[in-house]
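Structure first, then comments.
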Amino acid sequence: MRLILFVTSALALFLSELNSTVHAQQSKWSLALHGGAGVISKDLPDSMKQLYYEGLEEALSVGEEILSEGGSALEAVEMTVRSLEDNPLFNAGRGAVYTNEGTHELDAAIMDGSTLAAGAITGVTTVKNPISLARNVMTDSRHVLFSGAGAETFADQTGVERVDNSYYDTKRRYEQWKRAQQQSNLGKENVIPDEYKYGTVGAVALDKDGKLAAATSTGGMTNKRFGRVGDVPIIGSGTFANHVAAISATGWGEQIMKNVSANTIANYMEFNGSTLEEAMDFVLTERLNPGDAGFIGVDHEGNISMQMNTVGMFRGSIDSHGNRTVMIWENE
Ligand code: ASP
């Protein structure tokens, strides 16, 4: 009898320990975001710096609220990216750069690491929040990537908010485009000044259920033409999530694409037994060239890594342990 009692109480103790371990694991969440990488001058006026920090903080809070209340990683990355898309400072949504024709064409992608479901759109011109249309492609269609006119027709069938293309007009991007046009008139189109290469927004998250998701949205490169598509909507290049990690890229899209960068980071971890930090470093130093790109990522344990081989990257992160950062350059 005594033995039965002893075994029963030992079992009860073991089960309660197990339960609290599982609970502790499940209550963990993490979120990271970026607002583009590139040559970001340290001479950025304090007032501008402040605006960037505020924009990053605001987007972090959006994701924080969702994840801390038990919302999904997918919801968190979509809503975080929407916040950045609505901010004219970043090259996505409202602040998208100009094409060679003086219009705006936007790309976005989202991926659910728990199912490998993904949705993406490229070359859309009237969708206020491209990331939400990408999510609709994922949930309401049998396909992964819609482009141009087809993507607009698909948008007609969804409830996404539409805008005139002039909604994305901003003075700062207009002036940047004019400078880019002058360069190309001088026949220097192949020498793309760093200023024109970069800008994109993205978010990655791990939710309390242990699920990972990634989302990225961009206006692409200033003065782009011929329907240029960058890395962002190409699943595995600028955006990727599976059971190992969720990654979002920013930088020179052609370089990121050629190295299938986001997927390579996740695969390097899985096949090589490397950490997220090591895998990201491998792609940035062994595959890409200095000045090419930046990445944010989160792994299945909630570890966050944000690295770039550019001068700066607008970025931020937050987790359930109360860690919170917003940064632009290496240490600031
Ligand atoms: N990767 C984006 C593109 O090539 C641009 C960027 O992130 O700055 O479209």
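For Ala214, the shell of other residues with beta-carbons less than 11 Å away shows a net charge of -2, using +1 for Lys and Arg and -1 for Asp and Glu. In plain terms, the C-alpha convex hull of the chain casts an average shadow of 19.3 nm² when viewed from every direction.
In this structure, the amide hydrogen of Thr99, modeled 1.01 Å from its nitrogen in the peptide plane, lies closer than 5 angstrom to those of His104, Glu105, Asn223, counting only residues at least 5 positions away or on a different chain. Using C-alpha pairs below 8 Å separated by at least 6 residues, the relative contact order for the stretch 201-255 is 36 percent. Helix 73-85 and the longest principal axis of the C-alpha atoms of the chain enclose an angle of approximately 30°.
In the stretch 263-332, the inverse of the mean reciprocal separation of distinct Cα atoms equals 12.7 Å; this is its Kirkwood hydrodynamic radius. Between the helical axis of 171-185 and the longest alpha-carbon principal axis of the chain there is an angle of about 60 degrees. Grab the beta carbon distance between Glu57 and Ser166, set R0 = 30 Å, and tell me the FRET efficiency rounded to 0.05. It comes out at approximately 0.55.
Could you compute the net charge surrounding Glu278? Neighbours are other residues with a C-beta less than 14 Å from the C-beta of Glu278; K and R count +1, D and E count -1.
Values: positive: Arg287; negative: Glu270, Glu277, Asp281, Glu286, Asp299.
Here the charged neighbours net out to -4.
Taking all Cα pairs closer than 8 Å and separated by 6 or more residues, the relative contact order of the chain comes to 24 percent. Model label points for Glu286 and Ser184, set 7 angstrom from Cα along the Cα-to-Cβ axis, are 3.7 nm apart. Assuming charge only on the beta carbon of Lys and Arg (+1) and of Asp and Glu (-1), the dipole of the stretch 225-332 about its Cα centre is about 500 debye to the nearest 20. Each Lys or Arg adds one and each Asp or Glu subtracts one; over the other residues with Cβ under 15 Å from the Cβ of Leu56, this totals -3.
Within the same chain, aspartates and glutamates fewer than 8 places from Lys208 are excluded, and of the rest, those with a Cα less than 14 Å from its Cα are Glu64, Glu65, Glu69, Glu75, Asp299, Glu301, Asp319.
Would you compute, from DSSP H runs of 4+ residues alone, the mean residue ellipticity of the chain at 222 nm, taking -39500 (n - 2.57) per run and dividing by the full residue count, rounded to the nearest 500?
Computed mean residue ellipticity for the chain: -12000 deg cm²/dmol.
Could you state the angle between the C-alpha long axis of helix 2-26 and the longest principal axis of the C-alpha atoms of the chain, as a value from 0 to 90 degrees rounded to the nearest 10? Helix 2-26 sits at roughly 10 degrees to that axis. log10 I(q)/I(0), Debye, Cα-only the stretch 199-300, no solvent, q = 0.17, 0.18, 0.23, 0.24 Å⁻¹? Cα-only, vacuum Debye calculation for the stretch 199-300: -0.68, -0.75, -1.16, -1.24. Approximating the spin labels as points 7 Å out from Cα along Cα→Cβ, the Thr325-to-Asp43 distance works out to 2.8 nm. Selection among Val163, Gln307, Asn129 by position relative to the dipole of the chain gives Val163 as farthest towards the positive end (Cβ unit charges, Cα centre).
With charges set only on the Cβ (+1 for Lys and Arg, -1 for Asp and Glu), what does the dipole of the chain come to about its Cα centre, in debye to the nearest 20?
Value, rounded to 20: 480 debye.
Are there GluC sites (Glu not before Pro) in the stretch 76-113 that DSSP puts in a loop and that have at most 14 other Cβ atoms within 10 Å, and which ones?
On the way: sites: Glu78, Glu85, Glu101, Glu105; in loops: Glu101, Glu105.
Taking the stretch 76-113 and a limit of 14 other Cβ atoms within 10 Å, the loop GluC sites (Glu not before Pro) found are Glu101.
FYI, it's all coordinate maths here, none of it is from the lab. Please read these numbers as outputs of a predicted model, since none were measured by experiment. In this analysis, Cβ positions are derived from the backbone assuming ideal geometry, glycine residues included, and neighbour counts consider all displayed protein chains.
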